[in-house]
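Written out below as structure tokens is the structure these notes cover.
The values are calculated or read from the model by the stated rules, or taken from the named source; none is laboratory data. Quantities reported herein were computed from a predicted structural model and do not represent experimental measurements. Because the Cβ atoms are built from the backbone with ideal geometry, glycine has one as well, and the counts that use them run over all protein chains shown. Please note that ligands, DNA and RNA were not included when accessible areas were found on the heavy atoms of the full protein model with its side chains. Shrake-Rupley method; radii C 1.70, N 1.55, O 1.52, S 1.80 Å.
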Amino acid sequence: MSQIDKTQVRESDSSRYDIIIVGAGLVGCAMARQFTLEGAHVLVIEKAADIIDGASKGNSAILHTGFDAPPDSVEQSCITQSYQEFIQIRKKLQLPLLKTGALVLAWSDDEADRLDGILEKAHQNGVDDAKFIGAKAILKKEPQLSDQLKAGIHVPREYVIDPWTTPFVYMLQAIENGARLKRGCEVQSGKFDGQWWKLETSQGTVQGRTVISCAGLFGDLLDQQLIGTSAFHIRPRKGQFLVYDTSAYRLLHSIILPVPNEITKGVVICRTAFGKVIVGPTAEEQESRDDASVDTAELESLREKGESIIPALKFEPVNATYAGIRPATEFKDYCIKHYTDKNYISVGGIRSTGLSAALGIAKRVYADYSASGFNHTPADKIKWPAVGQIAETQIRDWQLQGNEGIVCHCERVTRREIKAALTGKMPAASLNGLKRRTRVTMGRCQGFYCSAQLSVMTEGYFDQSISFQYGGYKDD
Amino acid sequence: MISRCEPPPRRCDVAIIGGGPAGLAAATELKNLGIASVVVLEREPQAGGIPRHCGHPPFGMREFKRIYTGPHYARRLVERTLNAAVTLCLDTSVVSIEAGGVLQLTTPMGLHELRATRVIICTGIRETPRAARLVSGQRPLGITTTGALQSMVYLQHKIPFEKPVIVGSELVSFSALLTCKHAKIRPVAMLEQYSRITARWGSQLLPGMLGVPVHLNTRVVEILGQQRVSGVKVCDTKTGKARVLECDGLVFSGQFIAESSLMRSSHLQTDPQTGNPVIDQYGRCSDPEFFATGNMTHPVETAGACWSDGVQTAHHVYASLSGLLGRQDQRLKINVASPHIKYIVPQMLSLPGNHTAQAGMKNISLRFKNPSHGRLSMRSHSGELVTKFIHTLPERRVKLSIPELLTLDPSASLEIQFREK
Ligand SMILES: Cc1cc2nc3c(=O)[nH]c(=O)nc-3n(C[C@H](O)[C@H](O)[C@H](O)COP(=O)(O)OP(=O)(O)OC[C@H]3O[C@@H](n4cnc5c(N)ncnc54)[C@H](O)[C@@H]3O)c2cc1C
Ligand SMILES: Cc1cc2nc3c(=O)[nH]c(=O)nc-3n(C[C@H](O)[C@H](O)[C@H](O)COP(=O)(O)OP(=O)(O)OC[C@H]3O[C@@H](n4cnc5c(N)ncnc54)[C@H](O)[C@@H]3O)c2cc1C
């Protein structure tokens, strides 16, 4: 086999890249950022109309410490590393952080018996500040909790973050520092000639030296397509959620976690960065990799579950429902594999902690990549992008002069914000993309007041438009 | 229609949150009664409320003795308000309510604080969307409410689908039908989960006239489609049989709820079940400097009824400024002792104290959760005060007269009971 050429591709070369990342989910976005900041010339290919549209579109938005991850797993080390980096860079990227802390609650004697093991594991994973907490102290901290609880563990550094702006700003930083993103572009096949990868996509051929698969729910299929084998099989596992309106926000501070079992972390109740409360997820094995449908019976059982933990939720209206699909596999740990002879890195099975671990995964993959002999020179000056602020902990546009008036009243999204999200370096390409950039239509009325205005403002911007023209109407 | 935004003042006598029929009526009446500074705060770029996008008649009989379409009616209301020298602030959202009549606002210019001696809240109602109904399925494009459909058709001349299914058979569901007809949209069917159409009037005939089949005893099970709606799975509530109706959209119509989130996150009391404001027979809230009126207090009545509410409430606010309302310190809460009743309004009665106190609402207005037939009564510890037989459907108005208040003991405990037949 010929010696692989490892010299750097120049940034001005738009037909050849050092790195082609397939998939712009949480992992792909963090990967693009890492490799770009290290100086590589990066292309990201995403088949959906917009980024974060696969597994990454629906999660609980918790920044995990990794207290309950399997000790010494790849997952645990990625979470730990990611956590530190997130805290370091989040202010520069203007990313919000809700310092909520978490309570792992035991509701039966049996569960209370298992707290010991959880605490031990937490300490083993370096989460030294995790502590036992008695029922009385818990109720003092969280008076709205049902008094049926037995005991718990307090994990003070489990936090809530913004699940959309976080990957969005990772990708934006990559783009502002030279990466390219192709959306609505599907990788269909590819060949490695010993030096270069040639990928056939729905938008033509692209060439790159190394391919990194961050294809989430389609990771095993992409591996098969490109290298003829995969080290894992995706077993999609759906999780449904309820979103309660703003008035529920005062009912709790901490993230309320159950004692986990073998299959799932269980149903969580927590605040969101957008001033709401979520209850979920369920854990449902399914065949489909893209059917994120909700189901009345499951949603009702979540409601019941939520009310059994915080009885006052009974009187709170539900705003929205959603579901996400975890890219689970037959293994417990992540499946990250470097095929050095093929310049191919498969990053798969980032099951249920990808938001917390993405930065760490990217660091780990880069370290592995450069250990195989590739080297880049980081730019002298790194650009730090400015993004719109959609979290309730930040100053929002509606509070500022010149906002051009509110369009979405429930979530207080301004006309200026919507215009900004439809233009710029990575404009919204679908209604879902616009929602994740601005929160528009995501409140209690779900578009009752604003969807008409929105349908006009977005005319011509999306492949799938909200509405169509018709004959015309004259009043009186 | 005027669309200039007057900057809000710092202080005023009466601030009115919401420029729909109720708010505009109250504002105009207060000016006519001689109140110096009356300010309407409206978050949309135009005042007029819901009628702005109801492109069909009949509106205005009670107020103007003429029949208008909604948009025309809204313009007339705004004209009247401006002629009465009310300060109309558009693009102005109230974002929080605080004790002492303090309102935090936001406008295109940013944040602003307004202090008012009295505040009237009339932020209206909206329909229950798909999400809050916990309906199964993915999230394809083409799912709306009547309000959203009307705004698209009548305000923006756009349509979100061509052959939708309409869910519900309330009066507003028939507005959805008319809106569809107007835009040459052809509804596939109208669904009603009970065995009778909910709307009261002759609208039973309407779907037949427009060639739209009505499926009674039919419930939505699941929305089909990923990018856009491709169909809806429905189920016969009697036989349990499921089937698929092909369609490219859904209108979730009716199941009105108060747009009361402002109140929910304030110090003012709302009904925990429905979110309706808790008021006395004057529309006065738990904090007596605040009043609530219009549809948010009784989802749902017509624009004309809300306009009348606004006028009435203006008189009560006027009286309250002169100290002539019944006693705010002697209020009897009316308890509801039936799981069939969805809500009552008013939820409390202020005792008059003396004969000079202003008279308030004459009736208690109720809604039931399901089709109901039986005896409704109001009792105090000393016995039955009023009673009547009723036969009703959900979302239909039921009235029970308020007993003579001068005879009530301040320590009386009032309860509404319903015994099924
Ligand atoms: C219910 C639920 C709750 C969760 N809660 C949390 C939490 O609280 N905290 C936390 O840290 N994590 C959480 N997670 C986990 C986190 O969301 C996932 O780990 C993460 O989203 C996985 O991201 P990914 O980039 O690997 O996959 P994806 O987001 O699926 O990204 C893969 C992308 O690749 C694209 N793609 C696939 N094939 C191709 C192709 N051939 N060509 C081009 N593009 C292609 C897809 O369109 C997709 O956009 C949760 C997940 C779920 C489902
Ligand atoms: C889809 C739909 C169709 C209807 N069709 C009919 C019909 O055909 N005929 C009929 O008679 N009735 C109809 N109605 C009933 C309607 O509610 C009444 O006609 C009437 O509009 C109620 O008047 P209102 O003043 O109480 O509320 P609205 O008309 O709803 O006005 C409330 C106003 O408050 C404003 N507002 C809300 N929150 C704030 C805030 N925080 N800050 C500032 N402003 C705020 C809103 O923008 C709105 O303009 C319909 C209702 C709906 C929802």
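Among residues of segment B:79-89 being of a type in the set (A, V, I, L, M, F, W, C) and crowded, with 22+ Cβ neighbours inside 10 Å, the one that is farthest from the other protein chains (Cβ to nearest Cβ) is B:86. Pick from segment B:95-140 the residues that are under 14 Å from residue B:43 (Cα atoms) and more than 13 Å from chain A (Cβ to nearest Cβ): which of them is surrounded by the fewest Cβ atoms within 10 Å (Cβ to Cβ)? So the residue we want is B:103.
All of (1) in a helix (DSSP H, G or I); (2) touching a residue at least 24 places away in the same chain (Cβ under 8 Å) hold for residue A:87 with one exception: (2). Considering segment B:183-205, the residues that are within 22 Å of residue B:246 (Cα to Cα) and either of a type in the set (Lys, Arg) or within 14 Å of another protein chain (Cβ to nearest Cβ) (or both) include one that is surrounded by the fewest Cβ atoms within 10 Å (Cβ to Cβ), namely B:184. Quick check, is residue A:302 in contact with a Gly (Cβ under 8 Å, 6 or more places away or on another chain) and either within 15 Å of ligand 1 (Cβ to nearest atom) or part of a loop (DSSP other than H, G, I, E, B) (or both)? Considered against the rule, which asks whether it is in contact with a Gly (Cβ under 8 Å, 6 or more places away or on another chain) and either within 15 Å of ligand 1 (Cβ to nearest atom) or part of a loop (DSSP other than H, G, I, E, B) (or both), residue A:302 comes out as yes. The requirement of being over 24 Å from residue A:407 (Cβ atoms) and in the same structural domain as residue B:297 (by TED's automatic domain parsing) is fulfilled nowhere in segment B:122-135; no residue meets it.
The sole residue among B:74, B:15, B:27, B:47 that is touching a Pro at 6+ places or on another chain (Cβ under 6 Å), at pLDDT 95 or above, surrounded by 23 or more Cβ atoms within 10 Å (Cβ to Cβ) and of a type in the set (A, V, I, L, M, F, W, C) is B:74.
Listed conditions (1) buried (at least 22 other Cβ atoms within 10 Å of the Cβ); (2) within 14 Å of chain B (Cβ to nearest Cβ); (3) of a type in the set (Ser, Thr, Tyr) are all met by residue A:301, apart from (1).
For (1) open to solvent by less than 10 Å² (accessible area, probe 1.4 Å); (2) near ligand 1 (Cβ under 10 Å from one of its atoms); (3) basic (Lys, Arg), each residue gets a yes or a no:
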| position | (1), (2), (3) |
| --- | --- |
| A:6 | no, no, yes |
| A:30 | yes, yes, no |
| A:38 | no, no, no |
| A:52 | yes, yes, no |
| A:56 | no, yes, no |
| A:77 | no, no, no |
| A:87 | no, no, no |
| A:95 | yes, no, no |
| A:100 | no, no, no |
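Elements of the type helices (runs of 4 or more DSSP H) sitting completely within segment A:371-472 and holding at least 2 residues that are at the interface with chain B (Cβ under 7 Å from one of its Cβ atoms): these cover A:451-457.
Each row is one residue, and each column tells you yes or no for (1) open to solvent by less than 40 Å² (accessible area, probe 1.4 Å); (2) in the same structural domain as residue B:364 (by TED's automatic domain parsing); (3) under 21 Å from the mean Cα position of the chain (by Cα).
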position: B:170; (1), (2), (3): yes, no, yes
position: B:178; (1), (2), (3): no, no, yes
position: B:181; (1), (2), (3): no, no, no
position: B:207; (1), (2), (3): yes, no, no
position: B:211; (1), (2), (3): no, no, no
position: B:221; (1), (2), (3): no, no, no
position: B:235; (1), (2), (3): yes, no, no
position: B:241; (1), (2), (3): no, no, no
position: B:277; (1), (2), (3): yes, no, yes
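Of the candidates B:266, B:260, the single residue that is in contact (Cβ under 8 Å) with a residue 40 or more places away in the chain and open to solvent by 10 Å² or more (accessible area, probe 1.4 Å) is B:266.
The selection criterion, being away from ligand 2 (no atom under 16 Å from the Cβ), part of a loop (DSSP other than H, G, I, E, B), surrounded by 20 or more Cβ atoms within 10 Å (Cβ to Cβ) and in the same structural domain as residue A:220 (by TED's automatic domain parsing), holds for residue A:352.
Inside segment A:212-237, residues that are more than 8 Å from ligand 1 (Cβ to nearest atom), part of a helix (DSSP H, G or I) and either under 24 Å from residue A:18 (Cβ atoms) or polar (S, T, N, Q) (or both) make up a count of 4.
Mind listing whichever residues of segment A:427-451 are aliphatic (A, V, I, L, M) and either open to solvent by 10 Å² or more (accessible area, probe 1.4 Å) or modelled with pLDDT under 95 (or both)?
Answer for segment A:427-451, where residues must be aliphatic (A, V, I, L, M) and either open to solvent by 10 Å² or more (accessible area, probe 1.4 Å) or modelled with pLDDT under 95 (or both): A:429, A:431, A:442.
Every residue, every condition in (1) over 26 Å from residue A:396 (Cα atoms); (2) touching a residue at least 40 places away in the same chain (Cβ under 8 Å), yes or no:
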| residue | (1), (2) |
| --- | --- |
| B:81 | yes, yes |
| B:84 | yes, yes |
| B:96 | no, yes |
| B:101 | no, yes |
| B:109 | no, yes |
| B:113 | no, yes |
| B:121 | no, yes |
| B:130 | yes, yes |
| B:134 | yes, no |
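Checking every residue in segment B:192-209 against the condition of being more than 24 Å from residue B:397 (Cα to Cα) and either in contact with a strand residue (DSSP E or B) (Cβ under 6 Å, 6 or more places away or on another chain) or modelled with pLDDT under 90 (or both) gives at least one match.
One line per residue, one yes/no per condition, for (1) within 12 Å of ligand 1 (Cβ to nearest atom); (2) modelled with pLDDT of 95 or more; (3) not charged (D, E, K, R):
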{"residue": "A:331", "(1), (2), (3)": "no, yes, yes"}
{"residue": "A:336", "(1), (2), (3)": "yes, yes, yes"}
{"residue": "A:341", "(1), (2), (3)": "no, yes, no"}
{"residue": "A:361", "(1), (2), (3)": "yes, yes, yes"}
{"residue": "A:371", "(1), (2), (3)": "no, yes, yes"}
{"residue": "A:382", "(1), (2), (3)": "no, yes, yes"}
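Taken over segment B:61-91, the criterion of being under 21 Å from residue B:12 (Cβ atoms) and of a type in the set (Asp, Glu) is satisfied by B:91 alone. Within segment A:292-307, residues that are more than 21 Å from residue A:148 (Cα to Cα) have Cβ atoms under 6 Å from residues that are surrounded by fewer than 17 Cβ atoms within 10 Å (Cβ to Cβ) in no pair, counting only partners at least 6 apart in sequence or on another chain. Residue-level check: of (1) part of a loop (DSSP other than H, G, I, E, B); (2) closer than 17 Å to residue B:188 by Cα, residue B:238 misses just (2).
Scanning segment A:183-211 for residues that are without any contact (Cβ under 8 Å) to a residue 40 or more places away in the chain and in a strand (DSSP E or B) yields A:188, A:189, A:190, A:191, A:198, A:200, A:204, A:205. Condition (residue is among the polar types (S, T, N, Q), under 19 Å from the mean Cα position of the chain (by Cα) and surrounded by fewer than 20 Cβ atoms within 10 Å (Cβ to Cβ)) applied to segment A:193-210: is it met by at least one residue? For segment A:193-210, residues among the polar types (S, T, N, Q), under 19 Å from the mean Cα position of the chain (by Cα) and surrounded by fewer than 20 Cβ atoms within 10 Å (Cβ to Cβ): absent.
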